Amino acid sequence: MTVLVLTCPEDLTADMVVDRLSHDAIPVFRIDPADFPSRVALSTAVFDGRIQGCIGYEHRTVDLSSIRSIWVRRPGVPHSTADTEPAWSEHEALHALWGTLRALPGVRWVNHPDAQAAAKYKVPQLLTAYQVGMRIPATLVTNEATAARSFLNARGATVCKTVSGRQPDTASLPTAFVSPGTDLSSITGTPTCLQTGIRKVADVRLTVIGDAMHCAQALCGEGDVRFSGPVKWNPVKVPWGLRTQVLAFMSLSRLAYGAFDFAVDRDGQWWFLECNPTGQFGFIELETGQPISQDIADYLAGRTENKPIPSPRDESSIPR
Amino acid sequence: MTPFALGFAEPVAQVQLDHFTYDSTRQLNVLPDGSPVVSRKDSLSLWAATTSTAGSKTHFDD
């Protein structure tokens, strides 16, 4: 039984899990798809309805039949060194590798690439959170200045945040309050996300792997906790009822792993902000001691008995 | 036209240089002395790669 880890080499957070697996003598095969096909070798055969083959990287080779779990952490994109048609060559490599992995039977994904890709979109996230009973801030995604002005006028305290969650290449973009008189005309060029600003007293990161949850809170006021300088994260209990909501969210989203962000308001109410299917957990574990990497290792090793995550093809098993 | 949201952007914070390399034999990152970075819990949190914004620019990893 081999755990396949797909991530970039400098991923120290992945190291935390790989170290746990290795300590427990669970075979690990770690590659970065960005090294395929230049440094990673792949052969996949389909005979009589069965898939056979192997993946090789430097001195290691793993038989496809031995892969039981795949952790999609921070993988790069296949990179070709072909002199002719490199973009096409990379597209071929992408289909060869991911097509092979998707075809492996009975694999435990963290997370399945289809679910992971779908779960990254903010608007469906908010709807799913509402569907399972979480509080969500009123949100507007728009490139219309008039719509933005109406939202600001109606909602009062409003924050601006990225639509995708991705940071710009040359700057840091914290979630920030929008002043009432702000010029909104430039919204027409790039859509933006406006949201009712929660007058928060704390931020919560809730990390989920399978049925295991770890919750930590930081008291940083109304600023963006990611850019507020050093903050102290402390373990907190998951509020009554939220655990069921979180598990329902994960099931509807077909996720095995998720990093939830909540804002806690002055009345102690928790507001769902987002769930990042590839969210960072290293800083939480290091500050709180919560055994997140061990739980992930246990899940990948198949040692935790969790409700199977519905595959994208298994529509009938999705709770509604 | 500058995107509206970038009106709230701030300079990128200086991060500590990562003085470790990937050891493909151990499948872990190691320090110059050959010891795994993960074995140094006290200093592991100092590495930018484990912070809440690690990888945001390339891997949607907050």
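The values are calculated or read from the model by the stated rules, or taken from the named source; none is laboratory data. Because the structure is a prediction, the values reported are computed rather than measured. FYI the Cβ positions are ideal-geometry reconstructions off the backbone, even for glycines, and counts take in every protein chain you see. The protein model used for the area step is the full one, side chains on, heavy atoms only, and it has no ligands, DNA or RNA in it. Shrake-Rupley method; radii C 1.70, N 1.55, O 1.52, S 1.80 Å.
Odds and ends about this structure:
- Hey, A:VAL72 under 30 Å from A:THR162 (Cα atoms), open to solvent by 60 Å² or more (accessible area, probe 1.4 Å), not basic (Lys, Arg) and not in a helix (DSSP H, G or I) or not: no
- Condition met for A:SER172 (in contact (Cβ under 8 Å) with a residue 12 or more places away in the chain, within 13 Å of chain B (Cβ to nearest Cβ), surrounded by fewer than 18 Cβ atoms within 10 Å (Cβ to Cβ) and within 21 Å of the chain's Cα centre (by Cα)): no
- Among residues of region A:56-65, those that are more than 14 Å from chain B (Cβ to nearest Cβ) and either surrounded by 13 or more Cβ atoms within 10 Å (Cβ to Cβ) or part of a loop (DSSP other than H, G, I, E, B) (or both), counted: 2
- Restricting region A:175-206 to residues that are open to solvent by 60 Å² or more (accessible area, probe 1.4 Å), free of Cβ contacts under 8 Å to residues at least 60 places away in the same chain and under 19 Å from A:ASN153 (Cβ atoms), the residue that is farthest from the other protein chains (Cβ to nearest Cβ): A:PRO180
- Of all residues making up region A:166-191, the number that are touching a strand residue (DSSP E or B) at 6+ places or on another chain (Cβ under 7 Å) and closer than 22 Å to A:ALA117 by Cα: 1
- Matching entry among A:ALA82, A:ALA103 (being open to solvent by 30 Å² or more (accessible area, probe 1.4 Å), in contact with an Asp or Glu (Cβ under 9 Å, 6 or more places away or on another chain) and either small (Gly, Ala, Ser) or touching a residue at least 24 places away in the same chain (Cβ under 8 Å) (or both)): A:ALA82
- Test: A:TRP88 is open to solvent by 30 Å² or more (accessible area, probe 1.4 Å), of a type in the set (Phe, Trp, Tyr) and either within 23 Å of A:GLY302 (Cα to Cα) or within 26 Å of the chain's Cα centre (by Cα) (or both): no
- All of (1) closer than 23 Å to A:ALA256 by Cβ; (2) surrounded by fewer than 19 Cβ atoms within 10 Å (Cβ to Cβ); (3) away from chain B (no Cβ under 12 Å) hold for A:PRO137 with one exception: (1).
- Leading residue by the ranking (farthest from A:THR278 (Cα to Cα)) among those in region A:106-127 that are open to solvent by 60 Å² or more (accessible area, probe 1.4 Å) and assigned to a loop (DSSP other than H, G, I, E, B): A:GLY106
- In region A:2-21, of all residues being closer than 9 Å to A:ALA297 by Cβ and open to solvent by 30 Å² or more (accessible area, probe 1.4 Å), the one that is nearest to the other protein chains (Cβ to nearest Cβ) corresponds to A:ASP19.
- Single unsatisfied condition, B:ALA9 versus (1) modelled with pLDDT of 65 or more; (2) more than 7 Å from chain A (Cβ to nearest Cβ); (3) surrounded by 15 or more Cβ atoms within 10 Å (Cβ to Cβ): (2)
- Region A:22-55, residues that are at the interface with chain B (Cβ under 8 Å from one of its Cβ atoms) and open to solvent by 40 Å² or more (accessible area, probe 1.4 Å): A:SER22
- Yes/no for A:ALA82 being at pLDDT 95 or above and not polar (S, T, N, Q): no
- Residue list for region A:158-169, restricted to those being in contact (Cβ under 8 Å) with a residue 12 or more places away in the chain and surrounded by 14 or more Cβ atoms within 10 Å (Cβ to Cβ): A:THR158, A:VAL159, A:CYS160, A:LYS161, A:THR162, A:VAL163, A:GLY165
- Look at region A:207-235: where a residue is hydroxyl-bearing (Ser, Thr, Tyr) and a partner is not in a strand (DSSP E or B), sitting 6+ places away or on another chain with Cβ atoms under 8 Å, you get A:THR207/A:GLY279; A:THR207/A:PHE281; A:THR207/A:ILE284; A:THR207/A:GLN290; A:THR207/A:ILE292; A:SER228/A:CYS220; A:SER228/A:GLY221.
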